[in-house]
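Shown next, in structure tokens, is the structure this report addresses.
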Amino acid sequence: MALIDCASWKPQSDEFVFAYRFPQTNLSTYTQLIVYESQEALLFSKGQLMGKFGPGKHTLDTENLPMLRTLFGIPFGGKNPFTAEVWIINKLCPANLYWEIGGMPVHDADYQTMLPLKASGQYGIQVADSERFMIKMVGTKDVFTESDMLSQAYGEFSSKSKSAIIQFMTSQRIGFKTVSAHLDAISGYIKPFLKPFWDDYGLSMTRFYINDIAIDTSTPEGRKVSEAIASQASMSITGHSWQQEQMFGMANNAVDQMGGAAGGNGLLAGLVAMNMMGGMGGGGGMAAGMMQTQYNQPTFGGASAGPQGAVPPQPDGLGAQQPVKQIYCAACSQKHLSTERFCPHCGSEYNPCPKCGSDNPKGARRCVSCGTALQSAAAATACHACGAPVTPGAAFCPQCGAPQGAAPQGNLCSRCGAPVTPGTKFCPKCGQKI
């Protein structure tokens, strides 16, 4: 075979290449070795390292390679041939190497159950010790690429990363709902665990990022968990319960059967569907109970809360002790507290049901939620002091405690109905000009 006059390498692959072996091994003492910037060349012969060459143009003679005389007995001068392998190491620092690990079972602090998680991100690796890198990682390959790197290091890299992520989330009590806010802190925590691993292969980790921690949907269990979390988020946004969702599904199936079946089966399915839909409208029976909107949402707490975080009961407009909760305004369907007499979104007055506390339109005879008969507008009277509804015959207002009966002497405010002393220019209750 002909002797090689010049040896060099310019990367041509779309994939990042860490090491490349020059294909020809027949060299001579006149062979020129060209090493570009960010490269380092290594010559091996008979399993021994003959020399290292940095960027520049080098002649492979005994002056640059003292081991030539020892290995081949080559005298000075002349175009003396010898056999050697030329390895060129790419010392650039790619920072966009992708990694992903799955199968991380974590006891989640938010859901208090085991969640199968996966993590992915990017990292940067640079060859720091070319000789160690060649011996411990490259081996006998002709080309060592990014894929080879990830494949060879995946086992130990995955094990160390999983352990560090689980340790951080458990010790800091970070749940799945808020883990995205801690990705930078988790990345900084994991990097020291991985540095000794790369150093042992002659590599230096320059960057490490976690871009995402999500539910691992590669298994049936993971897909079920992901669907359950998505369903819970949907129910939280729309305000319906799991029982209601199941009932809607059963009713839809029954309606589909009614449309596709004939005879007695179709009639039976239709009756079942109508019974379900009737239960949704506020009638009695099991369906009505399942379709009852869940208004009692435990969204309050603090120093005044009880042992379970519930707020102590507060007197409502009808004098009964009712727990503070969120209700839906009958006018605009927005949520507000049951202690607020007027909706903060649209200003409509809160007309509570004496049984379930749901808001109802003015003049409604029955509660839109539970069907309880409501006190008619004609039967109720208003307090002279605060305007709250008062049961006919009551001696005192259940809201403010003002004595009832005949209207007090003097003027009444045109806005709130509070008594106003003659000669007063403004209502002491609401500030209305008299």
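Every number in this text was worked out from the coordinates using simple rules, so none of it is lab data. Bear in mind that the values here come from a model prediction, so they are computed numbers and not experimental data. No Cβ is skipped: glycine too gets one built from the backbone with ideal geometry, and neighbour counts run over all protein chains shown.
Please enumerate, by chain and number, the lysines with C-alpha under 21 Å from the C-alpha of residue 52, excluding those fewer than 8 residues away in the same chain.
10, 91, 136, 141
How far, in nm, would the chain grow between residue 132 and residue 32 when pulled straight, counting 0.36 nm per residue and subtracting the alpha carbon separation? Walk me through the intermediate numbers first.
Values: separation 100, 0.36 × 100 = 36.00 nm, distance 2.52 nm.
Here the segment from residue 132 to residue 32 would lengthen by 33.5 nm.
Once you put a point 7 Å from the Cα of residue 159 and another 7 Å from the Cα of residue 193, both along the Cβ direction, what distance in nm separates them?
Simple spin-label model gives 1.3 nm for this pair.
What distance in nm separates the two pseudo spin-label positions at residue 333 and residue 219, each 7 Å out from Cα along the beta-carbon direction?
About 4.1 nm separates the two model spin labels.
If neighbour count is taken as other Cβ atoms inside 10 Å, put 92, 117 in order from fewest to most. Let's see the in-between values first.
Details: 92 14, 117 24.
Least crowded to most crowded, the residues run 92, 117.
Could you please rank 212, 61, placing first whichever residue has the fewest other Cβ atoms within 10 Å of its Cβ? Walk me through the numbers on the way to the answer.
Values: 212 12, 61 16.
Lowest count first: 212, 61.
Would you order 336, 384 from fewest to most other beta-carbon atoms within 10 Å of each residue's own beta-carbon? Working shown, then result.
On the way: 336 19, 384 22.
The most exposed by this proxy come first: 336, 384.
So what's the gap between the Cα centers of the range 419-434 and the range 324-357, to the nearest angstrom?
If we compute the Cα centre of each part, the gap is 28 Å.
Please list, in order, the residues from the range 105-131 whose amide nitrogen is less than 13 Å from a point placed 7 Å along the Cα→Cβ vector of residue 98.
Hits in the range 105-131 for residue 98 at 13 Å: 120-123.
Would you mind working out the magnitude of the charge dipole of the range 169-240 relative to its Cα centre, with +1 at each Lys and Arg C-beta and -1 at each Asp and Glu C-beta, to the nearest 20 Debye? Please report the intermediate quantities before stating the final value.
On the way: 7 positive and 7 negative charges, 35 e Å.
The calculation lands at about 160 debye.
Can you give the extra length, in nm with one decimal, that the chain gains between residue 341 and residue 432 once fully stretched, where that is 0.36 nm per residue apart less the Cα-Cα distance?
Numbers: separation 91, 0.36 × 91 = 32.76 nm, distance 1.86 nm.
Length gained between residue 341 and residue 432: 30.9 nm.
If R₀ is 22 angstrom, what is the calculated FRET efficiency for the pair residue 147 and residue 180, using the beta carbon separation as r and rounding to 0.05?
Working from the Cβ atoms, E equals 0.15.
Using the basic label-point model (7 angstrom from Cα toward the beta carbon), what is the residue 229 to residue 372 distance in nanometres?
Reported label-point gap for residue 229 and residue 372 is 3.9 nm.
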